[in-house]
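Each reported figure results from applying straightforward, stated rules to the coordinates on display, with no laboratory input. Since we're looking at a predicted model, the values are computed, not measured. Don't worry about glycine lacking a Cβ; one is built from the backbone with ideal geometry, like all the others, and counts go over all protein chains shown.
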Amino acid sequence: MTVDIDKTPADTPPAGPEAIKAIPVRHYGRYVSAVVALALLGGIVYAFSQGKINWDAIPDYFFDDRILDGVGKTLLLTVLSMAIGIIGGVLLAVMRLSKNPVTSSIAWFYIWFFRGTPVLVQLIVWFNLGLVFEYINLGPFYKDEWSDFMTPFLTALLGLGLNEAAYMAEICRAGLLSVDEGQTEASHALGMSHTKTLRRIVIPQAMRVIVPPTGNEVINMLKTTSLVSVVQYPELLRAAQDIGQTSGAPAEMLFLAAAWYLLLTSIFSVGQYYLERYYARGSSRSLPATPFQKIKANVLSLSSRSKPKGGTA
């Protein structure tokens, strides 16, 4: 006698839901914008390729002694002007935050005046003050004709440095205000003076806020030095213009100067990145990867993918 047994278990779980087939969203706008951008880029390249430009003149003069001398003077002027701007900016920021109404008002007026007038106008005014003052007389210390005293270099240094101090004052003030007031109160409770509190407690913490915009100001100062060509200072742009007038390639020398500015600003941008990364150590748990670390990680990931999978059945 045979007994049929139902082999289907009663407690078999029901089949799961059917897998969802996800269809990615198509971004047609991205493709259109990419095509438009490539078309514009191609049009610009074609226009310059058809223009009357002697491209061979650019590499011929790229490392010319006059160009290199202009690059050196541009860098020197950038460093000295930023030094004046940073030192003056810190002093103005402290004066601006002072409870003394006289020093606070003086700092406010300085910032208002130099930020409210174009730097090109300031340079021209400094250069032409000889029309107003015939001599500079500092009593027993120094006396000379104004034209001999106000050289193109001093004109450029004062015009750029004093103007930059007004902008750095606001940057430093924002950094000082970003530090919690409890830090200052605690340091005063420990017996620290106001100057020591600024130097040991407030300013080190404020650097995290001050450094990024200061790096941008350095890069901007490097480019702003091109304005001093109007006061006859032989920096990079002035040197390129002089060579262009004598070589018969004025447009090409302007392209050469632009290439040097791009090179210098790119180098400064790398330095700014690592400086910002250094001061960000206390504000984030993990630092962002550097460009070299990103390249190394991508190379390792590509090499690991290219290796065949080991093991046999």
If exposed chymotrypsin sites (Phe, Trp or Tyr not before Pro) are those in a DSSP loop with at most 14 other Cβ within 10 Å, what is the longest stretch of the chain that has none? 143-313
Just need the relative contact order of the chain here, percent rounded to a whole number, with Cα pairs under 8 Å and 6+ apart. 21 percent
Plugging the Kirkwood radius over Cα pairs into Stokes-Einstein for region 84-137, at a temperature of 20 °C and a viscosity of 1.002 mPa s, what D comes out in µm²/s? 166 µm²/s
Calculate for the chain the 222 nm mean residue ellipticity that helices alone would give, adding -39,500 (n - 2.57) per DSSP H run of length 4 or more and normalising by residue count, nearest 500 deg cm²/dmol. -22000 deg cm²/dmol
Output the direction-averaged projected area (hull surface divided by four) of the convex hull of the alpha-carbon atoms of the chain, in nm². 37.7 nm²
Compute the convex hull volume of the Cα atoms of region 78-218, divide it by the residue count, and report the result per residue in Å³ as a whole number. 140 Å³
How far is the Cα center of region 244-273 from the Cα center of region 31-97, in Å? 5 Å
Using the Kyte-Doolittle scale, which helices in the chain average at least -0.5 and also have C-alpha atoms spread 18 Å or more along the helix axis, with helices defined as whole DSSP H runs? 28-50, 65-96, 101-116, 152-177, 203-224, 250-279, 291-306
Given an 8 Å cut-off on Cα distances and at least 6 residues of separation, report the relative contact order of region 112-216 as a percent. 25 percent
Report the local net charge at ARG66: Lys and Arg +1, Asp and Glu -1, summed over other residues whose C-beta lies under 14 Å from its C-beta. -4
Cut-off 10 angstrom, C-alpha nodes, Gaussian network model of the chain. Which of LYS52, LYS143, LYS21 fluctuates the most? LYS21
Computed from the mean reciprocal separation of all distinct C-alpha pairs, what Kirkwood hydrodynamic radius does region 46-108 have, in Å? 15.9 Å
